[in-house]
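The block underneath contains the structure these notes are about, expressed in structure tokens.
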Amino acid sequence: MKKARAVPCLAMMAAGLLAGSAAAQDAPGRAVAGDGSSGFDRFGNRNFQMRSDIGDGVGYSKGYQTFGIFQPLMLEPDQSLFFANPRGVITYEGNFIGNLGGGFRWLNPETERILGIGGWYDHDVNGANDYDQWGISFESLGNLFDFRANAYLPTETSAKTLQQNLTGSVFFVGNNIGLGRYSVYQSHFGGGDFEVGGALIPGFSDAGIRAYAGGYYLQGDDTIGEGYGVKARIEALITQDFQVNVGWSNDTFFETNLTASVTWYMGTGESPRWFQRMPQSTRLYQQMERNYRNMVLTHDITDFVLALRAGGTGGSGGAVGTPIQVFHVNNLAAAGGDGSFEHPLNQLPSTTASSVDIILVERGDGTTARMNGGIVLNDWQRLLGNGLQHTFTSTQGTFVLPGFSPGAFPAITNLGGSAVTLASHNEVSAFRIPGAGAAAT
């Protein structure tokens, strides 16, 4: 499985290597004069990136190791360029993932501000599941003030089920039977983020220290919904080629996380220049700041499903796979009930709709008050008193019917005839039938 996942990542790295080898044979570094009419090497200033991230972040855990290539196609030296940035990643959980991106950057020589746009395809692995997304990036980078914004668009937005089982809880819901369920899902978030900041800290702005703050939006599937977060980070240039980042985030789903990363740019041709602000012409060749991981949350939900008819006997005579219908009767209930668990009928009905599987009669006051008119059953119906424990069978299994109350059986009768008139495949259980013309016919 891991070998198969490595294929797109290796392909991303190979694309960058091929772009580099096909470009120019001079050593990577600052742009050099070429022999073309343009007077410069359009494929110069290529660099290699090695980055280590540690800590749990937004949508991932334990960090990862990145190997990337930044390959420019320059339109004007140190001013405007297209770029490709394939990245191969090994997570600290042992998965091979990657990113394939590219974009355009332009440095305004008058304002010394960089405007950039980028597009991305991110492949990720979380547990046993693969995740993919598209990304869009925008940046406006100045000597002092920066702004960045990113959007993340998953290729698939439905939740993936990791585990699902019944809890054993059985209860009435309206005219149905609920079965408690426990589920574990993975949800893939889309959304977006932004940050503002830069070299704004007094006394540190010229020492390669930049600080940022921002927010992000998480758009999940139907099982989890949406959420918001805030974030902040500090970026320090140890040298022009070696950077350290420390980040903090807090949101609705992933809560509080603290991350750190170090990035080493190789082959830039830059001099060390310890703790100094990076020239804008050099920032043209840096990686874009974004979340390169797919944002995935593993979460659990406790809910319920309705018990479904299994067919045959046992109060499941309706269409297989449709909810079992229960009609509730209690002569102590308020008038005007509809036969649901919450609003039982306060008298024994003369009959019910054929869609009803079980007529459950509670003990009530123990008398035949409003229970003395008799009832005519339909095929497959069960007429049950709650003084005896019963079971029912559904497509999910056989369970104990809720509502059992030990004690005397409820009383029903019909002074003028049969207390119960049977049809086909009926069950009548746990009743007292005093003074009826006939118990059942």
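Quick notes on this one:
- Extended-chain gain in nm, criterion 0.36 nm per residue less alpha-carbon gap, residue 258 and residue 275: 3.7 nm
- Only one residue of 204, 392, 99 has its Cα farthest out toward the positive end of the dipole of the chain, where Lys and Arg carry +1 and Asp and Glu -1 on Cβ, and that residue is 392.
- The value of relative contact order for the chain, using C-alpha pairs under 8 Å at least six residues apart, is 11 percent.
- Packing-based exposure ordering (other Cβ within 10 Å, fewest first) of 171, 253, 70: 171, 253, 70
- For segment 260-296, there are no residues whose amide N sits under 20 Å from a probe point set 7 Å from the Cα of residue 161 along the beta carbon direction.
- Principal-axis analysis of the Cα atoms of the chain puts helix 2-21 at an angle of about 20° to the longest axis.
- Residues of segment 171-187 falling in the label zone of residue 340, defined by backbone nitrogen less than 19 Å from a point 7 Å along Cα to beta-carbon, are 171-180.
- Protection proxy ranking of 242-250, 285-293, 181-189 - average other beta-carbon atoms within 10 Å, highest first: 285-293, 181-189, 242-250
- Each residue of segment 401-408 was assigned a 3J(HN,Hα) from its phi angle through the Karplus expression (A = 6.51, B = -1.76, C = 1.60, θ = phi - 60°), giving 5, x, x, 4, 9, x, x, 4 Hz with x at Gly and Pro.
- Over segment 65-115, equivalent-ellipsoid semi-axes from the Cα gyration tensor in Å: 30, 11, 7
- The calculated 222 nm mean residue ellipticity attributable to helices in the chain amounts to -1500 deg cm²/dmol, summing -39500 (n - 2.57) over DSSP H runs of n ≥ 4 and dividing by all residues.
- Built amide H within the under 5 Å cut-off of residue 347, gap 5+: 330
- Translational diffusion coefficient of segment 224-372 (Stokes-Einstein, Kirkwood radius from Cα pairs, 20 °C, 1.002 mPa s): 94 µm²/s.
- Cut-off 14 Å between beta-carbons: net charge of the residues surrounding residue 249, Lys and Arg +1, Asp and Glu -1: -3
- Segment residue 181..residue 250, full-extension length gain: 21.8 nm, with 0.36 nm per residue of separation and the alpha-carbon distance subtracted.
- Put in line by how crowded their Cβ is, counting other Cβ atoms within 10 Å and starting with the fewest, 160, 231 read 160, 231.
- When both segment 327-380 and segment 200-260 are represented by their alpha-carbon centers, they are found 62 Å apart.
- Kirkwood hydrodynamic radius of the chain, from inverse mean 1/r over distinct Cα pairs, in Å: 27.0 Å
- Counted charge near residue 393, where neighbours are those whose Cβ lies closer than 13 Å (Asp, Glu -1; Lys, Arg +1): 0
- If the segment from residue 106 to residue 238 were pulled out straight at 0.36 nm per residue, it would be longer than the present Cα-Cα gap by 45.0 nm.
- FRET efficiency for the pair residue 319 and residue 153, taken as 1/(1 + (r/R0)^6) with r the Cβ-Cβ distance and R0 = 51 Å, rounds to 0.80.
- For segment 307-441: relative contact order, % (alpha-carbon pairs under 8 angstrom, 6 or more apart): 23 percent
- Remark: 139, 255, 112 ranked as 255, 112, 139, counting other beta-carbon atoms within 10 Å and listing the fewest first.
- Stokes-Einstein D (µm²/s) once Rh is taken as the Kirkwood radius of segment 307-441 over alpha-carbon pairs, at 25 °C in 0.890 mPa s: 167 µm²/s
We did not get these values from a lab; they are worked out from the coordinates using the rules stated. Since the model is a prediction, treat every value here as computed from it, not as a measurement. Cβ coordinates were reconstructed from backbone atoms using ideal geometry, including for glycine residues, and neighbour counts include every protein chain displayed.
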